[in-house]
Amino acid sequence: MPDTPSASPPMIRLQQLRWYGEGRESLYLHRTDTKGPAPQPLPQTDEPTDLSLVAHQIVALDGYHNQFAQGLWHSECALHDMSLGLCGQGRIRVQICGQDAQGRDLRDRETVLELQENRPQSHAPSAEIRAQAVILWPEFSACGPTGTTPLPAAPAGGHAAASDPTDPALVALRHRGPMAPAKAPDGDAYTGAHSLPVDARLSRCVWQTRTPPRQRPDLAIIVTTFRREAQARALCARLAPILSAAPESETDQTPPARAHLDTGRARLWLIDNGCSLTMDALPKGAHCVPNPNLGGSGGFARGLIEARHAQATHCLFMDDDASADPEAIARTHAYLAYATDPNLAVAGALSRADQPHVLWENTAHCDLFCRPQYCGTDLSQREACLGMLRTAHHTHVPGVYGGWWFFAFSLQAVHALPFPFFIRGDDVGFSLANNLRVTSLPGVIATQEVDFGAKETPLTGYLELRSHLVHQLGLPLFTGSRRNLWRIAFRFWARALVMYRYETLQAMTWALQDVCAGPQAFAATPDLAMRRAQISLLTQNEAPRALNAHHPAPRPDPRPDPRPPASWQSRLGKISLNGHLTGAISLWGRDETLPPEAAGQATRIWGARKITQITADRHHAVVLHARIWRGWRASLGFWRQMLRLIWRRGTLHHDWQAGYHRLTTQSYWEDALKAHAPMEPAAPAPAASTPSSHSDR
C-alpha cells in the first residue's frame with residue numbers, strides 16, 4: 001500500500017500584530033498619506049477590529065508593539081523558517097521592511113496579495129533580509145478593487161512599478177525616505193477608519209513559523225496579592241482566554257484552552273497573602289492559594305513551590321497591580337518554547353498607566369546601585385524604539401535583572417528561591433543568584449498606576465538600603481568591599497539628608513543594624529512584623545496629609561531643556577547640602593512643590609527650605625521641612641552604625657556568603673511558610689494600613 005504524503009507541519013504563531021489598543025496610535029503603527037482627506041482615528045479599545053486600507057496610503061505596522069526582533073529570535077531560538085500570515089478582504093500590496101544592527105534601513109521586494117475572508121495567506125521575507133535584519137515590520141497599501149492590473153515583477157531588493165507609474169502620489173510613496181505619519185490635531189498619528197472609500201481590510205496579521213518548538217512550556221503564572229480583591233478579579237478576567245484547564249491527556253486540545261497559545265499551556269496561581277480573597281468562580285486553569293503574609297518574597301516563593309509540585313516547566317511572575325496584555329504572555333510563551341538556553345529569561349518593560357508611551361524601565365542593571373534601563377524613552381517615536389531594541393537585544397552585561405511585574409523563566413534554571421526580604425530587592429537577588437540571562441521582547445510591557453519614584457517612604461528607604469548591602473555581601477557577583485559598602489551608604493544617607501527625610505534616616509540606621517545581625521536575623525523574621533511596626537510608629541512627618549489651600553501649586557518642569565540654568569539658591573543648596581553645612585536655609589531657601597511625576601528628581605529640591613511632594617492621588621502631600629540639628633543627630637546614629645558594619649566586614653562577608661544560599665532553599669521556605677501559617681483567615685482590612693506585599697523596588 002503506497003505511503004500517503006505527510007501533512008505539512010501546522011503554522012505556529014510567534015507574534016500577533018495589532019492596530020488597536022489603548023494609548024497613542026503611534027504605539028502600533030504609522031500611516032503615510034499623500035492626498036485625500038486625512039483619516040479619522042479609531043476609538044481607543046482593546047477589542048479586535050479590522051484595519052482599513054485606502055488608495056494612496058501606506059500603513060506601516062512599525063510601532064513598539066509590532067516591531068519583530070528577528071535578530072533575537074535568530075540568535076536565541078532554533079527557527080528554520082518564518083513568514084507573515086494575513087487574513088482580510090481585498091487586494092493589497094505587502095512589503096517587509098527592517099533595520100540591520102547598524103541601523104540601516106532595509107526593504108524587501110513588494111508583493112501583491114488578493115485577500116479573501118477565512119482564507120489565510122502567507123508571505124515570507126527573502127533570505128537576504130532575514131540574513132541582515134535584526135528588526136522587521138510590514139508595510140501595507142491598497143491596490144484598488146479586484147481586477148486592476150497587477151504589479152510587474154521587481155528585481156530582488158528593488159521596488160515594483162506602480163499600477164500607474166506616472167501618478168506622482170504613488171511615485172512619492174514608492175521612493176520615499178523615512179516615513180512621516182499623517183498627523184491628527186493632537187499631534188498623534190491616525191490609525192483607522194476614514195472618510196475615503198475603503199479599498200481593502202486587514203483582519204489579522206501574525207508572524208508565524210512551521211518549525212516545531214524545542215519544548216512545549218507548561219507555564220505557571222504566579223501572582224502575589226494582598227487584600228486587593230478587585231485587582232485579582234480583573235486579572236483573572238483578563239487572563240481567562242489563555243488559561244488552560246488541567247488536561248485529561250496529552251491530546252486534550254479544547255478550544256478555550258488553546259485560544260491564544262500555540263506552543264503549550266498556561267495556568268494561574270493566585271497567592272493570597274491576605275487570606276481574604278473570595279472568588280465566586282475561578283477560570284479554568286486558575287488556583288487560589290491562601291498564604292501567610294511574608295511579602296512578595298514569600299508569595300512568589302510559595303508560587304514556585306506550587307509550580308514545582310504541579311510539574312510546570314516555566315514560571316511567569318506578575319504583580320496584581322501591573323496590567324499586562326494577554327498577547328504579551330503569548331509572545332513570551334512562544335519565545336520560551338523555541339529558546340535554546342534554559343537560563344534565558346524574559347523581563348517585561350514598565351510604563352505608567354496615565355502615560356503608556358513613556359517608558360519607566362526596560363530591564364535594569366545592578367552593580368552598586370539599581371538603575372532602570374532606557375528610562376524616559378518615548379515609545380511612540382519609531383526611531384527611539386528601534387535604537388533601544390538594537391542595543392538591548394545585542395548587548396549583554398552581568399548584573400541585568402527584571403522586575404516581577406512581568407518576569408518569565410524556566411524552572412530548570414532556578415536553584416535559588418527568593419531571599420526573604422519581604423519586599424524590595426527580592427527580584428534583583430533572584431535574577432542574579434540564579435545567573436539568569438535576562439532579555440526583553442517588543443510589546444511585552446506592563447503598566448502601573450504609579451512609578452517607583454513616587455513610593456519613597458521610611459519603610460522603602462529601610463528596605464532598599466538593606467537589600468543593597470545584603471546583595472554586596474551575599475552574592476558572588478559582588479565583592480562586598482569596604483569601599484563599595486561606603487559608597488552605597490553615603491549615597492543613601494546624602495539623598496535622605498538633602499530631602500529632609502530624617503525619619504527615613506532613622507529607618508536606614510535600623511537597616512544597618514539588621515545587616516550587622518547577619519542572615520540568622522532574616523531567617524527568624526521573614527514577616528518583618530516588628531520592624532514594620534516600629535517604622536509605622538516612626539513615620540509622622542513623612543506621612544501623607546490632605547492637601548489644602550496653603551500648599552502652593554507645583555512649579556512648571558524646567559524640561560525639555562535637560563540642563564536648565566541653575567539659580568543662585570540651587571547652587572548654594574548643592575554646596576551646603578541644602579543648608580546642612582551652613583545653616584540658616586530658612587532665611588534664603590525657597591518653597592518647592594513637586595507633582596507626582598517629579599517624585600525622586602533630586603535636581604528640583606536644591607535650595608528648597610520646604611519640599612511639598614504631592615502624592616499620586618493628587619489629594620495628599622508629604623511636607624518636608626529643613627531641620628538642620630535633627631538631620632545631624634540622625635546622621636550621627638547612621639554613621640556610628642555604619643562604622644560598626646565596616647569594622648565587622650570580614651566576618652559579615654563570610655556569614656552572608658553562606659547564609660544567603662541557605663535562606664534561598666526550598667526547605668527553608670517550606671519550614672518558614674509552615675511556621676507562619678495563619679490559624680484562620682484574616683478579616684479584610686484597608687490595604688493602606690499594611691505595606692503591600694508586591695515586589696516593589
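If you go through segment 627-656 and keep only what is among the small types (Gly, Ala, Ser) and in contact with a Phe, Trp or Tyr (Cβ under 9 Å, 6 or more places away or on another chain), you end up with Gly631, Ala634, Ser635. Per this entry, Leu261 is counted among residues that are modelled with pLDDT under 95, over 25 Å from Ala675 (Cα atoms) and surrounded by 19 or more Cβ atoms within 10 Å (Cβ to Cβ). Going residue by residue through segment 493-516, is there one that turns out to be assigned by TED's automatic domain parsing to the domain that holds Asp591, closer than 30 Å to Ala345 by Cα, charged (D, E, K, R) and surrounded by 20 or more Cβ atoms within 10 Å (Cβ to Cβ)? For segment 493-516, residues assigned by TED's automatic domain parsing to the domain that holds Asp591, closer than 30 Å to Ala345 by Cα, charged (D, E, K, R) and surrounded by 20 or more Cβ atoms within 10 Å (Cβ to Cβ): absent. Of the strands (runs of 3 or more DSSP E) entirely within segment 9-106, none holds at least 3 residues that are at pLDDT below 90 and in contact with a Cys (Cβ under 9 Å, 6 or more places away or on another chain).
Scan segment 330-357 for residues that are touching a helix residue (DSSP H, G or I) at 6+ places or on another chain (Cβ under 9 Å), in a strand (DSSP E or B) and either of a type in the set (S, T, N, Q) or free of Cβ contacts under 8 Å to residues at least 40 places away in the same chain (or both) and the total you get is 1. Do we find a residue being under 24 Å from Phe421 (Cα atoms), assigned to a helix (DSSP H, G or I) and not acidic (Asp, Glu) anywhere in segment 271-294? There is no residue in segment 271-294 that is under 24 Å from Phe421 (Cα atoms), assigned to a helix (DSSP H, G or I) and not acidic (Asp, Glu).
For segment 383-397, taking the residues that are of a type outside the set (A, V, I, L, M) and at pLDDT 90 or above, the one that is surrounded by the fewest Cβ atoms within 10 Å (Cβ to Cβ) is identified as Glu383. Given the structure, is Leu136 part of a loop (DSSP other than H, G, I, E, B), under 17 Å from Gln208 (Cβ atoms) and in contact with a helix residue (DSSP H, G or I) (Cβ under 6 Å, 6 or more places away or on another chain)? No, not satisfied. Screening segment 617-671 for residues that are out of contact with any Ser or Thr (no Cβ under 7 Å at 6 or more places or on another chain) and among the polar types (S, T, N, Q) and picking the one that is surrounded by the most Cβ atoms within 10 Å (Cβ to Cβ) gives Thr664. Checked against (1) surrounded by 24 or more Cβ atoms within 10 Å (Cβ to Cβ); (2) part of a helix (DSSP H, G or I), Leu316 meets all criteria but (2). In segment 606-625, the residues that are more than 13 Å from Glu456 (Cβ to Cβ) reach residues that are aromatic (Phe, Trp, Tyr) and surrounded by 20 or more Cβ atoms within 10 Å (Cβ to Cβ) with C-beta atoms within less than 8 angstrom, at least six apart or across chains, in these pairs: His625/Tyr500. Within segment 414-441, the set of residues being assigned to a loop (DSSP other than H, G, I, E, B) and more than 11 Å from Ala345 (Cβ to Cβ) comprises His415, Ala416, Leu417, Pro418, Phe419, Pro420, Phe421, Phe422, Ile423, Arg424, Gly425, Leu441.
The values are calculated or read from the model by the stated rules, or taken from the named source; none is laboratory data. These numbers were taken from a predicted model, which means no experiment stands behind them. Here Cβ is always computed from backbone atoms with ideal geometry, including for glycine, and neighbour counts include all displayed protein chains.
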